[in-house]
Structure formats: C-alpha cells, structure tokens
1. How much length is gained on full extension from His236 to Leu61, taking 0.36 nm per residue of separation minus their Cα-Cα distance?
2. Would you mind checking which residues have amide H under 5 Å from Leu175's amide H? H placed 1.01 Å from N; only 5 or more apart, or other chain.
3. Ignoring ligands, DNA and RNA, how do Ser115, Ser34 rank by accessible area with a 1.4 Å probe, largest first?
4. If the chain between Asp81 and Ala130 were fully stretched, how many nm would it gain, using 0.36 nm times the residue separation less the Cα-Cα distance?
5. Pull out the extension gain between Arg25 and Glu199, defined as 0.36 nm times the separation in residues minus the alpha carbon to alpha carbon distance; nm, one decimal.
6. Need one value: the accessible area of His230 in square angstrom, 1.4 angstrom probe, rounded to the nearest 10.
7. Mind ordering 166-176, 40-50 by average Cβ neighbours within 10 Å, highest first?
Amino acid sequence: MTTSTRHPPLWREILAHTCSLVAPRCCPCGREGSWLCGRCETLLRAAPVRVEACCDALQVLAEARVREERRGREVLPVGVDHAPLLPVLALGEYGGPLQAMVLAWKNGGMLHLGSRIAPALAPAVAQLAAESGVAPPALVPVPSRRAARLRRGEDHTAELVRALARTGAGRALLLPARPTTAQDGLGARQRRARRIRLEGRRAREEGRRARPVVIVDDVVTTGATLRGMHEALTAHGMRVLGAVVVAAARLPDGDAEVLGDAQGPVAG
C-alpha cells in the first residue's frame, strides 16, 4: 500500500499538527492536542448501566397490596409496587467530563463527537436485543424541536442513530415526529405530561410489521421523554425493546461514581 493511500504514522502526526495551527484540537474536557483525550475515551468504553429504576416517570403500578380487614366497604391498602415501563441503558452519570462531552456534542459545535459516541452505545443496543431474543432492531431517535435543530445545525440524535446503524447495531428508523412541548424550564410533573406525535404513513407501516425498536437519546432525567416515545411507538404497533442513552441524571446506588470536574470551560 503506497503512502498516497495511507499516510505513515509520522506523516499523519505532521499533518495533524499542521491542521491544528488553523483549527486547534481540543477535547471537550479542555485538554489540548486531540479532539478526544484518553481519559474521555475511557468514558466511552464503560459497560452500559441499567438506569430505569432512577427515572420516576418510567415507573408504573405493578401491584397493589391490601389488608384483609376492611373499614366498612373500603379495603385498606398496605402499599403498592412499581415496575419500570422499559429498560434503559446509559454509559454513565451526567456529570464531569461526560457532561462536558455531551454538551460539546449537542450545543458546542463539536458534531464529530457523534461518530465517537455511537460505537460506545452499540453494546447497549446489542444487550437489549439479546435479552429480547431478536435480531438487530430498528433504532429510533428521540425528536428535537425545530428551533433546537436550527440552533445546533443538525438533528443530533438522528445523526447519532445513523452512526449507530453504520456500526451494525441496527437499522436507522427516522420517523417524522415532534414533541408537543419543549423541556426547558419545566418541572417534573410538567415533563411527565409531555407527548410525542408520530406523523406520516411510515409509522403506520412499521407498526403493522410489529417492528422491534430501540429508542436512542442523549440524556435521561425523569424519563418523561422516553415514556412519551414509548407511548407513541406502541400506539402504532411497534415493540419497544428499551432505550439507550449517553448519560443519566442519576445512577442506581452502587453504580454511581464520583467524576472529576471537567477541566476548562464547558461548552454551552
């Protein structure tokens, strides 16, 4: 193979340093010299963690226990049990360097990070598919509002799904959809009322095939958006295997780690 088709390591390094004079390479955590430093790459090699138990909006009533004695005609409840609506896998907690990476990717103009994040999520998709006993599923991104897409310059979750599909994790399924409200400034109860509307004929066609799908998003907090996507997809007949996200606002006890603060300013 000639050097015209593949640069030797020395030439690649010389080329990278030359380009950095025009466009300096800087990791989201603030370290200079690379688009993603070794420490932040380690975050993307983490094993996925189940986080649905930490998402209040994903908890549904599973069982109500009652006492045998009665007060008049009223049966006295003892308590209730909840179960998660769907499994959710995350790479880590939304804090420190991982938070800086997500913000740089979403809002800081570092759109290239999506191609680095996608391979890290592929094992999580494979895990959900294996647990359900299905072939690689369809991958459905959580939609962004038009104003957010215009501000960022792209639909970042849709691009993440395309990159995931290129890893062989599944097939990108980009359905016309829109959230009913924005999330910014909403409380937990208001977030829970958020709905996702699927539009167009393609959603109905996929539903008739009972297509197994995995939802893909950037960050999960209460789980209200994932609940809205689950309701929209199942209403059209699709089978939701679960969701994968880059980060979760909280991790279950025992999985949470103390993350160091990101060095340098966090991208807006």
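1. On the way: separation 175, 0.36 × 175 = 63.00 nm, distance 2.29 nm.
Result for the pair: 60.7 nm of gain on full extension.
2. Here nothing satisfies the definition.
3. Values: Ser115 70, Ser34 35 Å².
The ordering from most to least exposed comes out as Ser115, Ser34.
4. Details: separation 49, 0.36 × 49 = 17.64 nm, distance 2.70 nm.
Extra length available between Asp81 and Ala130 comes to 14.9 nm.
5. Numbers: separation 174, 0.36 × 174 = 62.64 nm, distance 4.05 nm.
Gain on extension, Arg25 to Glu199, equals 58.6 nm.
6. Solvent-accessible area, nearest 10 Å²: 30 Å².
7. On the way: 166-176: 17.9, 40-50: 16.3.
Descending mean neighbour count gives 166-176, 40-50.
The values are calculated or read from the model by the stated rules, or taken from the named source; none is laboratory data. From a predicted model like this one, the values you see are computed outputs, not experimental measurements. Positions of Cβ are generated from backbone atoms using ideal geometry, with glycine treated the same way; all protein chains shown enter the neighbour counts. Ligands, DNA and RNA are stripped out before the accessible areas are found, and what is left, the full protein with its side chains, is counted by its heavy atoms. Shrake-Rupley method; radii C 1.70, N 1.55, O 1.52, S 1.80 Å.
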